[in-house]
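Presented below is the structure to which this report refers.
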Amino acid sequence: MPKWKRFLFGLAGVLLMNLAIYTCYTAAYTIVSYTKEKRNHSTATTALLHEVDLITITLANRENVSEWIGGLKSLSNSKGYRFKMIDAAGREQIVGELHDGDKEVATAVEWEHVVKVLAGGSVEEVERGNIFGKGLAMVGMPVDIGGQRYALFAERNVPSLYNGFWQQLFTVFLGFLLLFILLFLIGRPWRHREGFNIYISAIRRMSKGDFSVSIQLPKQMRGEFSELAHSINDMAAELSQMEQMRQTFISNVSHEIQSPLTSIRGFARVLQQSKLEEEQRQHYASIIETESVRLSRLSDNLLKLTTLEADQQPMRMKPFRLDQQLRSTILACEPQWTEKDLLMDVNLDEEVTYSGDEELLSQVWTNVLANSMKFTPEGGSISVEVKRTSGGASVCISDNGLGISEEDLPHIFERFFKADKARSRMAGGSGLGLSIVKRIVEMHGGTVAASSKPGSGTTITVLLPDAAAKQQ
C-alpha cells in the first residue's frame with residue numbers, strides 16, 4: 001500500500017477515535033453537570049456560596065440592617081449581584097438588579113427556603129429554561145444583625161451549562177489530533193514502543209498529581225522527541241511549583257485565621273469567669289476587639305487581593321495630580337508619624353499629573369507609608385519623592401528603619417511573606433499589603449522594586465508609565 005494511503009487511513013482512524021472519545025465525554029459531561037445542578041451542588045452555586053460567606057465575614061462588624069444594606073449596595077455594584085434580606089415576618093429588602101438583556105429578571109424566594117435559612121441552614125439553587133440557555137444562581141445563608149436573624153439571599157446570572165466547554169473540547173481535540181499526526185509522520189517512535197511508553201507513563205503520573213516526573217531519554221529517542229521530553233520535564237517542574245505555592249497559600253491563610261480565632265476563643269472563656277476584676281475584664285475585652293479587627297482586616301485584604309488578581313476590579317482611569325495625592329496621604333498619616341516623632345522629608349515636583357485609578361493608587365501609597373512608619377524606630381526619618389519622568393512618573397519612598405535581609409528581599413511582594421514574623425505579628429500585619437501594592441501597580445502597567453540592607457532602611461520605588469507608554 002502506498003505511503004499516502006497509509007497516511008490517510010491512519011488519519012481517518014485518529015479522527016474516528018477522537019470523535020468517539022469526545023462524543024462520549026460530551027454526553028458524560030452533560031449528565032454529570034445537569035445532575036449536579038438538579039441536586040443543588042453545581043460549581044456556580046458553590047463558588048457563590050463561598051463568596052457570600054466571605055461577604056458576611058467582611059460585614060460582620062456592622063451592627064444594624066442599614067449599615068449592611070449600604071455594604072451590600074457597594075458589593076452589588078462591583079460584582080453584579082442582587083441581594084435579598086428577609087426577616088421572620090417575611091419583610092423583604094432587595095439590593096441591586098439583575099438584567100437579561102434590557103429586561104430585568106424578577107424572581108421570588110420560596111418561603112420554604114426562607115424558613116430553612118432562618119433555621120440555620122443554607123440554600124443552593126440554579127434555575128434554567130434549558131441546558132443550553134443562561135440561568136440564575138441563588139444561594140441563601142443566615143446572618144445575625146443586632147440580635148435578630150435574617151435570611152440573606154444572593155443571586156447572579158450564570159452562563160449556560162456549556163459555557164467555554166466547546167472551545168475547550170475543540171482545543172483538546174485539535175491538540176491530540178496534531179500530536180497523533182506528528183507521531184504518525186515521524187514514524188520511528190512507533191517502532192520503539194518501549195521508548196514511547198515513557199511519555200505515556202509520565203503523563204499518567206502527572207494526571208494523578210505526581211509532579212516528580214523526570215524523563216531519562218533513551219538513546220534511540222532523539223530529535224523532536226528529545227525536545228518533547230524536555231518540555232514534559234519543564235511542565236512537571238512548573239506544575240510542582242504551582243502545587244507547592246497553592247499548598248503554602250492554603251497553609252498561610254489557615255494559620256493567619258486560626259491565630260486570632262484562638263486568641264478570641266481563649267479570652268472569651270476567661271471572661272466567663274465570675275471572679276474577674278473589672279480592669280481585667282476590660283483588658284481581655286480589648287484584646288478580643290483587637291483580634292476581631294485584625295481578622296476583619298485580613299478578610300478585607302484577602303477579598304481585595306482576590307478581586308484584583310481575578311481582574312474583577314473596575315479601573316476608573318482619569319487624570320489627577322499625583323503630587324497632591326501623595327501630600328494628602330502623608331497628612332492623613334500625621335497621627336502615626338508624629339506619635340513616633342518621625343521626620344518626614346517630602347520632595348514633590350509640582351503639578352505631576354497622571355492618568356490612572358486614583359482610589360487604587362491611594363491604597364498603594366497608604367500601604368507603603370504604613371510599612372515605613374511601622375518598621376522605622378522613634379526619631380527616624382522617612383523620605384517621599386515624586387518626579388516627572390519621560391515615560392510618566394516615579395514615586396520613591398525611603399526610610400532609615402530596620403531594613404530587610406538579602407535572602408528575604410526577593411520575597412517581600414509575595415502573599416503572606418513577613419521578613420520579621422514576630423515583629424509583624426505584634427504590629428498586626430498580615431503580609432498582604434505589598435502583594436496588593438504590586439498588583440495595583442501592574443494593573444497600571446508600572447513596576448515596583450525594593451532595595452534594602454539590614455539596619456540601613458528600605459527604599460520602595462514605583463514607576464508609572466503614561467498613557468502613551470502603556471499602549472506600546
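Annotation note: of Ile404, Ile397, the sole residue that is part of a loop (DSSP other than H, G, I, E, B) and either closer than 16 Å to Leu331 by Cβ or among the β-branched types (Val, Ile, Thr) (or both) is Ile404. Which residues, taken from the stretch 299-322, are modelled with pLDDT of 90 or more and in a helix (DSSP H, G or I)? Matches in the stretch 299-322: Leu322 only.
In the set Ala151, Ala137, Ala60, Ala89, which member is free of Cβ contacts under 8 Å to residues at least 60 places away in the same chain and of a type in the set (A, V, I, L, M, F, W, C)?
On the way: Ala151 fails: free of Cβ contacts under 8 Å to residues at least 60 places away in the same chain; Ala137 fails: free of Cβ contacts under 8 Å to residues at least 60 places away in the same chain; Ala60 fails: free of Cβ contacts under 8 Å to residues at least 60 places away in the same chain.
Ala89 is the lone residue from the list that is free of Cβ contacts under 8 Å to residues at least 60 places away in the same chain and of a type in the set (A, V, I, L, M, F, W, C).
The condition of being part of a loop (DSSP other than H, G, I, E, B), surrounded by 14 or more Cβ atoms within 10 Å (Cβ to Cβ) and either at negative phi or among the aromatic types (Phe, Trp, Tyr) (or both) holds for only one of Ala60, Ala89, Ala108, that being Ala60.
Among the residues of this structure, Leu15 counts as one that is at pLDDT below 80 and in the same structural domain as Leu179 (by TED's automatic domain parsing). Pairs are defined by a Cβ separation below 6 Å, a sequence spacing of at least 6 or placement on different chains, a first member in the stretch 337-361 that is in the same structural domain as Cys396 (by TED's automatic domain parsing), and a second member that is in a loop (DSSP other than H, G, I, E, B) and of a type in the set (A, V, I, L, M); the pairs so defined are Asp357/Met315.
Note on the stretch 131-180: among residues that are among the polar types (S, T, N, Q) and part of a helix (DSSP H, G or I), the one that is modelled with the highest pLDDT is Thr171. Summed over the stretch 395-417, residues that are surrounded by 18 or more Cβ atoms within 10 Å (Cβ to Cβ) and either hydroxyl-bearing (Ser, Thr, Tyr) or not assigned by TED's automatic domain parsing to the domain that holds Asn347 (or both) total 1. For the stretch 341-364, a tally of residues being in contact with a Ser or Thr (Cβ under 7 Å, 6 or more places away or on another chain) and at pLDDT below 90 returns 1.
Consider Ile21 carefully, then state whether it is of a type in the set (A, V, I, L, M) and either at pLDDT below 75 or surrounded by 13 or more Cβ atoms within 10 Å (Cβ to Cβ) (or both). Criteria met by Ile21. Taking the criterion of being modelled with pLDDT of 75 or more, surrounded by 11 or more Cβ atoms within 10 Å (Cβ to Cβ) and not acidic (Asp, Glu), would at least one residue in the stretch 254-261 satisfy it? Within the stretch 254-261, one or more residues are modelled with pLDDT of 75 or more, surrounded by 11 or more Cβ atoms within 10 Å (Cβ to Cβ) and not acidic (Asp, Glu).
Quick check, is Lys73 of a type in the set (D, E, K, R), in the same structural domain as Gly147 (by TED's automatic domain parsing), modelled with pLDDT of 85 or more and in a helix (DSSP H, G or I)? Criteria met by Lys73.
Just one of the numbered conditions (1) of a type outside the set (A, V, I, L, M, F, W, C); (2) more than 28 Å from the chain's Cα centre (by Cα); (3) at pLDDT below 75; (4) surrounded by 14 or more Cβ atoms within 10 Å (Cβ to Cβ) is not true of Lys36: (2).
Any chance the stretch 351-362 includes a residue that's part of a loop (DSSP other than H, G, I, E, B) and either within 28 Å of Pro314 (Cα to Cα) or not small (Gly, Ala, Ser) (or both)?
Keep residues of the stretch 351-362 that are part of a loop (DSSP other than H, G, I, E, B), which gives 351-352.
Among the residues that remain, those that are also either within 28 Å of Pro314 (Cα to Cα) or not small (Gly, Ala, Ser) (or both) are: 351-352.
Checked the stretch 351-362: at least one residue is part of a loop (DSSP other than H, G, I, E, B) and either within 28 Å of Pro314 (Cα to Cα) or not small (Gly, Ala, Ser) (or both).
The values are calculated or read from the model by the stated rules, or taken from the named source; none is laboratory data. Treat the numbers as computed from the prediction; the structure is a model and nothing was measured. Glycine also receives a Cβ, built like all others from the backbone with ideal geometry; neighbour counts cover every protein chain displayed.
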